[in-house]
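The values are calculated or read from the model by the stated rules, or taken from the named source; none is laboratory data. Computed from a predicted model, the values in this text were never measured in an experiment. Positions of Cβ are backbone-derived with ideal geometry, glycine not excepted, and every protein chain shown enters the neighbour counts.
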Amino acid sequence: MRQFVAVFVDALRLLRARALFWITLGISALAAVLYLSIGFDENGVTFLFGASGFESEFLREGSPLAEMFYLGIFSMIIVNLWLSWIAVILALITCAPVFPEFMAEGSAGVALSKPISRIKLFFYKYLSGLLFAFLQTGIFCAIVFLAIRLQVGTWNPSVFWAVPLVVLMFSYLWSVMVAVGVRTRSVMASVLASLLVWFGAWIAKTVEEYAWTAAEFGEVPAAQGSMRLTEAEQKGWRDRYSQVSLAYTLLPKTSDTVNLLQRLVTVQGQKKFAVSELLNLMATGAPVRDDEVEEALERHSVGFIIGSSLAFEAVMLAFAGWSFCRRDY
């Protein structure tokens, strides 16, 4: 346990010494404050602490729909745009030198001269890299938690589900970065490899969704709305679905992991947050749940999404750990 704490303290000192660490935390805090600036009055929604806004008969101060709208901004915009994209990219860039510098400068040899095994040191170092994502997401969610209380009037601890989900999503890409960084000792190669896997996972998800829509509903997206398939074409997509979705199954589910937040966040402490209700609320003013939309969002189980992604991560870590233990220091 003492060794574990020592590695974590060392990682924290390394992160604090990097300017990008403070810049990223500062931007995260600023984004959270901007979220706090969204509020409600007797006329509708306000922005920038009342500097601007728009009128709405459904979204007013004290309205039961206000919390749903506020949580929708958090889970669909802030989490999906900031925490799962921009902040993760900054975190990857910040953490990229951890293993290459640790190995290139001989510090690994100094650490290994102490009574600690190589594989244990490797995993302690790997876990310490997750510290940045945890701190960044934790601070952000703490401000959001207080913002919901101040602007809506309710305590909603379910927003803290974003912390483990975003850290999980980061860990998938971090494992790729560690594997390539240990093997090549190149910061640039490890960054490019993780971004390539991330892009590949997004392509695989897009293709899988296209194939599932074609096989299930017999429709595919088109330039204007959607295009109806013939029965033979729909059957062909059903027969090919397992082959087309193979890449999606094998690669980590980055976006789907973060989207699990929409299943875990609750409204008023008991009602499950539904994306379709928010979309219908914004479009028609009536928070009607669309079961077809919710079925599409929840067709993959939590076990499949996280389990298959962790299996990918385990393969990356096994390769990285093997390479780390075999090297001469």
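Summary table below
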{"quantity": "Residue identified as surrounded by fewer than 22 Cβ atoms within 10 Å (Cβ to Cβ), under 16 Å from the mean Cα position of the chain (by Cα), under 17 Å from residue 89 (Cβ atoms) and at pLDDT 85 or above among 173, 130, 168, 135", "calculated": "130"}
{"quantity": "Residue list for the range 122-141, restricted to those being in contact (Cβ under 8 Å) with a residue 60 or more places away in the chain and either farther than 23 Å from residue 98 by Cα or of a type in the set (Asp, Glu) (or both)", "calculated": "140"}
{"quantity": "Every residue from the range 61-101 that is more than 18 Å from the chain's Cα centre (by Cα) and among the hydroxyl-bearing types (Ser, Thr, Tyr)", "calculated": "63, 70"}
{"quantity": "Selection status of residue 45, assigned to a strand (DSSP E or B), surrounded by 15 or more Cβ atoms within 10 Å (Cβ to Cβ) and modelled with pLDDT of 70 or more", "calculated": "yes"}
{"quantity": "Unmet criterion (only one of (1) surrounded by 20 or more Cβ atoms within 10 Å (Cβ to Cβ); (2) at pLDDT below 90) for residue 194", "calculated": "(2)"}
{"quantity": "Segments classed as helices (runs of 4 or more DSSP H), wholly inside the range 214-329, with at least 1 members that are modelled with pLDDT under 85 and not basic (Lys, Arg)", "calculated": "231-244, 254-259, 261-264, 275-284, 291-297, 302-326"}
{"quantity": "Number of positions in the range 34-52 that are over 14 Å from residue 79 (Cα atoms) and touching a residue at least 24 places away in the same chain (Cβ under 8 Å)", "calculated": "5"}
{"quantity": "Residue that is farthest from residue 173 (Cα to Cα) [pool: residues in the range 189-242 that are basic (Lys, Arg) and more than 19 Å from the chain's Cα centre (by Cα)]", "calculated": "228"}
{"quantity": "Residue in the range 189-199 that is closer than 21 Å to residue 76 by Cα and part of a helix (DSSP H, G or I) present", "calculated": "yes"}
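Per-residue answers, yes or no, for (1) touching a Phe, Trp or Tyr at 6+ places or on another chain (Cβ under 9 Å); (2) surrounded by fewer than 13 Cβ atoms within 10 Å (Cβ to Cβ); (3) within 24 Å of residue 151 (Cα to Cα); (4) modelled with pLDDT of 70 or more:
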{"position": "29", "(1), (2), (3), (4)": "yes, no, yes, yes"}
{"position": "49", "(1), (2), (3), (4)": "no, yes, yes, yes"}
{"position": "60", "(1), (2), (3), (4)": "yes, no, yes, no"}
{"position": "72", "(1), (2), (3), (4)": "yes, no, yes, yes"}
{"position": "78", "(1), (2), (3), (4)": "yes, no, yes, yes"}
{"position": "82", "(1), (2), (3), (4)": "yes, no, yes, yes"}
{"position": "85", "(1), (2), (3), (4)": "no, no, no, yes"}
{"position": "99", "(1), (2), (3), (4)": "yes, no, no, yes"}
{"position": "121", "(1), (2), (3), (4)": "yes, no, no, yes"}
